[in-house]
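Heads up: the structure comes next, in structure tokens.
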Amino acid sequence: MALEHIAELLRALAHPLRLQILDAVCEAELSVGEIEEVTGIGQPGLSQQLAVLRKAELVVTQRTGKQVFYRVDGERMQALAHYLGGRLGGAGPALPAGGDSAVAGETAVTVRGGAAGFARVLR
């Protein structure tokens, strides 16, 4: 992946509403109406955020009649995760469960080294 392309993907990910949308369509393909229902993001904001995700090719669309369905582009996300994990550092020790940074059912891992020394990845 070219660095400019990676920067574009990271810019697209760097918004709480877009992360919320990606979280919603990560498990299943959803229509725009279903995404609105699940996330609580109303129009026209939802359409604007979906346009950013489409442009960055982080979501894949499928039109069925008048409805458009969205799902995460798993290959694109895996390629980005592979680049970030491989180029910017490895995982450090897991943080204790129940800490401020812990999310229910997930293990927090601190990423150390290089430019990603500030980042934490939740698994």
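Rule-based calculations on the coordinates, nothing more; no lab input. What you see is a predicted model; the values in this text were computed from it and never measured. Quick reminder, even Gly has a Cβ in these numbers, built from the backbone with ideal geometry, and neighbours come from all protein chains shown.
Numbers at a glance
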{"read-out": "TYR83, TYR70 arranged by Cβ crowding within 10 Å, fewest neighbours leading", "value": "TYR83, TYR70"}
{"read-out": "Theoretical FRET efficiency, 1/(1+(r/R0)^6), r = Cβ-Cβ of LEU3 and VAL60, R0 30 Å, to 0.05", "value": "0.80"}
{"read-out": "Gained length - LEU17 relative to ARG76, 0.36 nm times residue gap less alpha-carbon distance", "value": "19.3 nm"}
{"read-out": "J(HN,Hα) series, the stretch 2-9, from Karplus relation 6.51 cos²θ - 1.76 cosθ + 1.60, nearest Hz, glycine and proline x", "value": "6, 4, 4, 5, 4, 4, 5, 5"}
